[in-house]
1. What ranking, highest mean first, results for peptides A:246-255, B:296-305, B:240-249 when packing means the other Cβ atoms within 10 Å averaged over each residue?
2. Please give the per residue accessible area of the stretch A:223-296, computed with a probe of 1.4 Å over protein heavy atoms only, in Å².
3. Please go through the residue pairs A:LYS124/A:LYS337; A:LYS271/B:LYS198; A:LYS288/B:LYS198; A:LYS98/B:LYS243; B:LYS96/B:LYS291 and name each one whose alpha carbons sit more than 24 Å apart in this structure.
4. Computed on protein heavy atoms with a 1.4 Å probe, what is the summed buried accessible area for the chain pair A and B, in Å² to the nearest 100?
5. Could you check how much of the accessible area of the stretch B:29-154 is carbon and sulfur, as a whole percent, using a 1.4 Å probe?
6. Where Rh denotes the Kirkwood radius from the mean inverse Cα pair distance, what is Rg over Rh for the stretch A:275-398?
7. Evaluate E = 1/(1 + (r/R0)^6) for A:GLU85 and A:CYS469, where r is the Cβ-Cβ distance and R0 equals 51 Å; express this FRET efficiency to the nearest 0.05.
8. Taking all protein chains as present, what is the carbon and sulfur share of the accessible area of the stretch B:194-413, in % to the nearest whole number, probe 1.4 Å?
Amino acid sequence: PHRAHPARGAPPALPPCHHQPLISVSEPVKREGGGLFGIKGGYVTYLVRSRPRQVGGQVGGQVRPEVRVRRRFREFVTLAEILKERYRGFFVPPRPEKNAVEGQRMTDAFVEERRLALERYLNKLARHPVICASEELRLFLETEGELGDCPAWAALRPAGQGGAVLEGTARLSKQLLGLDRGVTDPEQAAQPTKKSGDIMRAIRETARSMQVPTASLPPDELALQRAREEVEALQGGLTVASRAAERLVSRLERWSGVQGELGLALLRAGKAEQAEGGALAQHTCTLKQSGSLMHDLERLGTALVRASRIGRRVTGRCAIELGCLHDYLGLMPAALKGLRARDKALLTADTLQADLGARRRAIAELEAAGARVLGGDAAKAKKIAELSGDVAVLQQSLSAATATYERVKATNQSELSRLRGEMRAELGGMLRGFAGVMAACCQRDTEIWLAAASELQATPEQLQAAKACLTGHPPAPHQQHQHQQGEAAAGNGSSSAPRGADLPASTAAAASSRPPAGSAAGGAGSGGPPGPRPGSPG
Amino acid sequence: MDPPPYESVLQDHGTNNYFAPVTAVSKEFEIEVTDPVKQGEGVAAYVSYKVRTKTTHSAYAAPFHQVVRRFRDFSALHDKLCERHRGHIVPPLPEKSAVGKYQMATEFIDQRRRALQVFINRVASHPVLKDSRELATFLQADEEAWLLEAARWAAEAAAAHRPSVSAAAAWFRGLQHSAQSLVSGRAEEIQEDAEYIKIRDYINGLEGHLAEAHRQASRLMRKEADLGAALSEFAAAAEALGKLDGEGPMRAAFGCLLGRAGEVAALSRARSEALAGEFAAPLKEAARSIKSVQTVMADRAAALAAYSQAKSDLDSKKVRLARLRGTPGLKEDKIAETERDVNEADQRLRNAKLGYETIRDTMREELNRFQKERAAEMSALLRDFALAQAQHTAEQAKAWGELLRDLQQTNSASGGQ
């Protein structure tokens, strides 16, 4: 159900869903390439189309002409890595999975799945206020030709990935031999610890993390640690809700399907009555009854099939509306990662602090001790000089690390509040959308059933009784129904009730978030949808 | 005579809505099947029902009767009516489900109770069967008298040399008979009316359609209930999610969802149950009554086969007699014996012809009645389904509309966009 996509061939009358794709990924083209050791080297390129906004522009700002570039999956992966490096603390939406079963990698089905996933990924990035204005994304979307050939892109890429392990081991050996002071310099302090790149630092930080914190943490740090727990709880809640939503959509689909099948069974029975019932009808002089039975079966069968079609569209819409639960669930790991980045930055600063303290204490001890202990004044002075050198570097590193920590902390805070705000708005919108769709569906179904009942010789009293609960219905939600069912009717292509006057009024109505305006919707409501119906019961 | 306008035909028996049509102008019988009580233990366990009759029929001793009967008794009544009133379409019994009986689930028992009530009322409104002795005994006899009568019926059925009524057997005999006439060079066969054959084929096809419609109706029932359950689950999950928002607007919004979704889910559950009794069960009964018609059709086929057989039997005996007469010098008593044979065969032929023609003529009446009832009932069933669906979806539309309104209010209260 999450495959449903709003832009694909939707009738123009459909009101906009709250996600409007700005970037499209399409036209996958398979290419051959060199392979190693019998592994097929083929790969797929995708056409990425986007409309760049002005620098610093908002969503829907001035648009320039469309830009088209070709990208392969590897380049998406690189983009994700760049963003991970350079946007610490931000809740960066996760990229589609890398793992692909070798034999499946080039099949059409897999390529289509991946194409969809990549499109959703880019659009999620575009919805992030900071990332969508970023140079990284802009380069990705606009650089013609191969990204590998673009110098600006190369400059962004995280340096020295291949050599990291070798470099790390070399460094460690130096440190152990005493050739390297093993002091983190300011530039490195501002970067996250790479376990492979600087083993000593990683070890120290791990050791530090296991110690009981001596100083109490400031309240905003504590708040952020609580926030992590909240995010974890949110993740759990979203998991359950997303699964329940999927089940609901699946049940909706099945329910619609059965209505259609029942309808078809009745239609078939009606056809049989028409084709073969004549003999019995003649024999028993019940031609009139046979005729009306045939008519009745056909009427109800048709109504059921119509209701089933409505149900299918509703299922699709619900899948889209409730899909945002799934989207937010996907964002949770990114949020947790962003919060962890802050933890790591704090740990780095903290470890440096401890380091600094240790060296200062060492200096103090040296100065207090007599020259005899260490083999002479010269040796002592040298040692003190070395330590002082370390202290100087460490002080700078500590400020760099602390600055990094503060920056990441601020990012965390703004991201959290952005996440909360967006979630509240979107989930609220989701519920309203869902309720609106269901209301429209039931309203439309009611019309279908009343029409069928009337054609099946229901009396006016019976019809009135059936829709009794709807009369005296407040106009405002009714307006929403009109709006929704206007689109349902337009999409369905058959509107049995005269709706001409209603449609313009309802399309003028804003999206569902406008608060109910009692008198304004008076024109649209006429005491219940079947009011203007030209039905003639019996 | 045309059936009366439909409103007078609908009759509410006791607490359920399962209608039983009354084609007589006056409501001669009102029969209730109630109070199922489990009796006995283990394998020998069964359910007994109270059968309460209110009648104005002249042959009945009093206007009110109450007896206790079990399914087996209804079955005996049904079989006896089929036997005694061949050519008449006897209303169908509910299934003799072996498994359900042992499980004795309350729902199963209630379904069966309702179906039995429909059955007995249909019998009591059948223009011929309502006057039958069998029905009178069933409705009035106390326990001892009933046991005696039932035993007598069983003995009669066993003793009566009743030809096999299964359609397959009848067909097979017909085949044998055709083979025989081929061998004997006789092309004469007694055929069915071409018109009847069309009717027969139509009826056979009809059973399939009704069975399919019932199957889909049952599935619709289940899917409706499933949908309600999924909605409840979703609302619960959403509410839990909303609580995580602290005092924020999501909590209130999702709380609204929980309330309304609960309403809608309850509506779905109720609709599902209603569908079972009001739509699925009548469809099933309609399919079963087609089977009753098929039983009568099989009887007719058997009678036709017997008739045809008797005719070819007579013909071959006549041929033998003629041959004997033509042969010189044959003993007189041989000829006399053969003449007796011919006479007996002639008598048998007359009986068989009468039997066949009786069924044929009865069937015409019965099919007439059946068709009129069926068309009216089916049309009413379809109409009521549409009305009930309309009401159901209207109520749901109201609930969803109210949810939407609540959500909009919550949203604007918290200064939403």
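1. B:296-305, A:246-255, B:240-249
2. Accessible area per residue: 44 Å².
3. Those over the limit are A:LYS98/B:LYS243.
4. Buried area between the two chains comes out at roughly 6700 Å².
5. The computed percentage sits at 55.
6. Looking at the stretch A:275-398, the ratio lands at 1.88.
7. For R0 = 51 Å, the calculated efficiency reads 0.30.
8. 51
The values are calculated or read from the model by the stated rules, or taken from the named source; none is laboratory data. From a predicted model like this one, the values you see are computed outputs, not experimental measurements. A quick note on method: Cβ atoms are made from the backbone with ideal geometry, for glycine too, and the neighbour counts reach across all protein chains shown. Ligands, DNA and RNA are stripped out before the accessible areas are found, and what is left, the full protein with its side chains, is counted by its heavy atoms. Shrake-Rupley method; radii C 1.70, N 1.55, O 1.52, S 1.80 Å.
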